[in-house]
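To start, the structure itself, in structure tokens.
The values are calculated or read from the model by the stated rules, or taken from the named source; none is laboratory data. Note that the structure is a prediction, hence the values are computed from the model and not measured. Cβ atoms come from the backbone with ideal geometry, glycine included; neighbour counts cover every protein chain shown. We work out accessible area using only protein heavy atoms, side chains counted, and drop any ligands, DNA or RNA first. Shrake-Rupley method; radii C 1.70, N 1.55, O 1.52, S 1.80 Å.
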Amino acid sequence: MFNIAAMVAIASDVVPVAAAYAARKRLPQDLLILAVLLCLYLGMDLVAATMALNGIRNLWLGNLEACADFPVLVWIFHRWEPQPRNKAILRGLIVASIPLWALTQWQVGGIQRYNFAGRSIQSIVLSALAIAFLHRFAVYGDERPWTNPRFLVALAVLLQFAGSIFAFSFGFLMETKQMVAIWRLRNVMSTLSNLVFAGGFWCLRQSGATGG
């Protein structure tokens, strides 16, 4: 599944990392952690691409990514959540995410088997959190959302994981010709997501705003 769309998606990983570096002096804690996660994405995608080009199976890297990014992204939305009850729910979700991931990973047959079912559920949850934040921002936010880093980060998360729901729900087609086309669409969504992530960091560099 290593094609032009995949190469563009991997190359686009550099863009938000570079934007975060440019805004490094103005990064609040939540966006600093996000920048570290995006660096992890870049590193893992480069390793996965190298393995793919050498004919080495690399699906297990996606399992490690799912273990790492879900609690981090939920924590970021937890930081942005104004309601104490909802914050408590998100804290519970963070605590439960690792053992739940381990359980579903064991059910699919170990770390070498990609956990499409678990990743689909993660994608649904993260998409829902992003939509909830964007809705709240639309009601209570300012009139220029594209200048707010939190708005752009939430939009980027939605682009990345809403596109992933479709791809991961067809996991049973992995390593078939049909999945090549499905994964190409996911790579396009990932590229768009990276550009929006970069926009979030860049507008922070421009304005220094962090509110939402």
Over the chain, what is the relative contact order in whole percent, taking alpha-carbon pairs under 8 Å and six or more residues apart? 30 percent
For segment 29-176, the dipole about the Cα centre with charges only on Cβ (Lys and Arg +1, Asp and Glu -1), to the nearest 20 debye, works out at 320 debye
W75 neighbourhood, Cβ < 10 Å, K/R = +1, D/E = -1, net charge +1
I56-V8 FRET efficiency (beta carbon distance; Förster radius 25 Å; 0.05 resolution): 0.70
Surface per residue (accessible, 1.4 Å probe) for segment 1-124, Å²: 53 Å²
Computing the accessible area with a 1.4 Å probe over protein heavy atoms, can you report the carbon and sulfur percentage for segment 48-190? 67 percent
Protection proxy ranking of 131-137, 17-23 - average other beta-carbon atoms within 10 Å, highest first: 17-23, 131-137
How many angstrom lie between the C-alpha centres of segment 24-39 and segment 180-198? 21 Å
Taking the Cβ of S164 as the centre, find all other residues whose Cβ is under 10 Å away and add up their charges (Lys, Arg: +1; Asp, Glu: -1). +2
Between R26 and A181, what is the label-to-label distance in nm when each label sits 7 Å out along the Cα-to-Cβ direction? 4.4 nm
